[in-house]
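Have a look at the structure below before the remarks.
The values are calculated or read from the model by the stated rules, or taken from the named source; none is laboratory data. Just so you know, these numbers come straight off a predicted model, no measurement behind them. No Cβ is skipped: glycine too gets one built from the backbone with ideal geometry, and neighbour counts run over all protein chains shown.
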Amino acid sequence: MNRRIALVVNPTSGRGRGARIAPAVRERLAAAGLTVDVHTTTCAEDVGRIAAEVVASGADAVALIGGDGTIHLGAQVLANSGMPFGVIPAGTGNDFARGLGVPLKDPEAAADLVIAGRTRAVDLAVAKDEFITTVVAGGFDSLVNKRANAMSWPKGSSRYTVATLAELRTFTPLEYVVTVDGEVIETAAMLVAVGTGPTYGGGLQICAGAEIDDGMLDVTIIEPVSRMTLLQLFPKLSKGTHVGHPAVRALRGRSVRIESPGITAYADGEPLGPLPVDVGVAPGALTVFH
Ligand SMILES: Nc1ncnc2c1ncn2[C@@H]1O[C@H](COP(=O)(O)OP(=O)(O)OP(=O)(O)O)[C@@H](O)[C@H]1O
């Protein structure tokens, strides 16, 4: 049967990588016999608008060329639509694709997953009426995320390292109330993160061990540590070897409330809104090629 696929391209993802890889991805899909309709977005709003048109059109599947921000926009429409969704990573972080095991640096290999047609259902977090595909950050990491988003250099995920060093100069621990499935935790902390998947910031395993299809939210609280200890912890986050550190507390639940005055939550690397935030889970809401 001839499959019809919509290829939605954010040309700006990864500072132009989206535009650069699109022709090869289109070729790969077409060479495998798929009918490919290419839609190139011109603004953030286009992602949801086009995704809605594609769902209504009765296409067999949609593939998105972009980073976590683009996937976040697409997921708002594709969640619970039943339409299979392929990710062709083109961003700087690509943490949703990473969690799925999609090849990050080989767009044609990522396209091959769409061609093969194997799907699975993955969980999404829900907060402030938005679906979230990776992690909600609320704390020191929000400030790092904000600073990294405003930086034009360096290009890749090392932006987060540079932003971390800059934020560390002035950061002091925050007072939190974190409620996990009704259990109230009052604590000072550097950050509180809640995810369906394990990573943010381009591979930092802030919710190490999170399974994207277990119907649960993983919660990480990093309790107050010295600047030096936090600096030592961050490289460990990329390897996941921070697990077990006395300042790192891991919990799991289905509903999580994070309260701390004056902090903006970030989700999928973009601002979500001021705390407090209530995070829930939509089990198996997104059907993805893997
Ligand atoms: N033409 C466009 N189409 C879609 N989004 C656009 C466009 N131009 C700018 N944007 C902005 O790009 C953001 C998404 O970028 P995306 O996340 O795909 O790439 P990235 O920031 O390079 O990667 P990552 O999020 O993985 O670090 C959107 O949130 C949107 O605001």
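Brief remarks follow.
- Within the range 147-161, restricting attention to residues that are more than 10 Å from the ligand (Cβ to nearest atom) and surrounded by 15 or more Cβ atoms within 10 Å (Cβ to Cβ), the residue that is modelled with the lowest pLDDT is Thr161.
- Residue among Gly82, Gly93, Gly86, Gly138 that is touching a residue at least 24 places away in the same chain (Cβ under 8 Å), assigned by TED's automatic domain parsing to the domain that holds Gln205 and either closer than 26 Å to Asn2 by Cα or of a type outside the set (Phe, Trp, Tyr) (or both): Gly138
- Listed by first and then second residue, the pairs with beta-carbon distance under 6 Å, at least 6 apart or on different chains, first residue in the range 97-109 and at positive phi, second assigned to a loop (DSSP other than H, G, I, E, B), form an empty list.
- Qualifying residue in the range 13-33 (condition: assigned to a helix (DSSP H, G or I), of a type in the set (Ser, Thr, Tyr) and surrounded by 15 or more Cβ atoms within 10 Å (Cβ to Cβ)): yes
- Any hit, the range 76-84, residues being within 12 Å of the ligand (Cβ to nearest atom) and part of a helix (DSSP H, G or I): yes
- Of all the numbered requirements in (1) within 15 Å of the ligand (Cβ to nearest atom); (2) out of contact with any helix residue (DSSP H, G or I) (no Cβ under 6 Å at 6 or more places or on another chain); (3) of a type in the set (S, T, N, Q), Ser57 misses one, and that requirement is (1).
- If you go through the range 1-21 and keep only what is within 21 Å of the chain's Cα centre (by Cα) and either at pLDDT 95 or above or more than 7 Å from the ligand (Cβ to nearest atom) (or both), you end up with Leu7, Val8, Val9, Asn10, Pro11, Thr12, Ser13, Gly16, Arg17, Gly18, Ala19, Ile21.
- When Gly209, Gly197 are checked against the criterion of being within 16 Å of the ligand (Cβ to nearest atom) and of a type outside the set (S, T, N, Q), a single residue qualifies: Gly197.
- Close pairs from the range 6-17: first aromatic (Phe, Trp, Tyr), partner modelled with pLDDT of 95 or more and more than 9 Å from the ligand (Cβ to nearest atom), Cβ under 9 Å, at least 6 apart: none
- Filter result (more than 15 Å from the ligand (Cβ to nearest atom) and closer than 19 Å to Gly215 by Cα) within the range 85-127: Gly101, Thr119, Arg120, Ala121, Val122, Asp123, Leu124, Ala125, Val126, Ala127
- Note on the range 254-273: among residues that are within 19 Å of Thr92 (Cα to Cα) and of a type in the set (Asp, Glu), the one that is surrounded by the fewest Cβ atoms within 10 Å (Cβ to Cβ) is Glu270.
- Taking the numbered list (1) within 15 Å of the ligand (Cβ to nearest atom); (2) more than 18 Å from the chain's Cα centre (by Cα) in turn, Leu73 passes all entries but (2).
- Screening Leu104, Leu143, Leu113 for residues that are in a loop (DSSP other than H, G, I, E, B), out of contact with any Cys (no Cβ under 9 Å at 6 or more places or on another chain) and surrounded by fewer than 24 Cβ atoms within 10 Å (Cβ to Cβ) leaves exactly one candidate, Leu104.
- Within the range 196-220, the set of residues being out of contact with any helix residue (DSSP H, G or I) (no Cβ under 9 Å at 6 or more places or on another chain) and crowded, with 23+ Cβ neighbours inside 10 Å comprises Cys207, Leu217, Asp218, Val219, Thr220.
- Any hit, the range 128-145, residues being on the phi < 0 side of the Ramachandran plot, out of contact with any Gly (no Cβ under 9 Å at 6 or more places or on another chain) and hydroxyl-bearing (Ser, Thr, Tyr): yes
- Set side by side, the residues Gly156, Gly197, Gly202 differ, and just one is in a loop (DSSP other than H, G, I, E, B), touching a residue at least 40 places away in the same chain (Cβ under 8 Å) and under 20 Å from Arg249 (Cα atoms), which is Gly197.
- Pair list, Cβ under 6 Å, 6 or more apart: the range 36-63 residue of a type outside the set (A, V, I, L, M), other residue not in a strand (DSSP E or B): His39/Ile50; Thr40/Pro11; Thr41/Asn10; Thr41/Val47; Gly48/Leu73; Gly48/Gln76; Gly48/Val77; Asp60/Arg3
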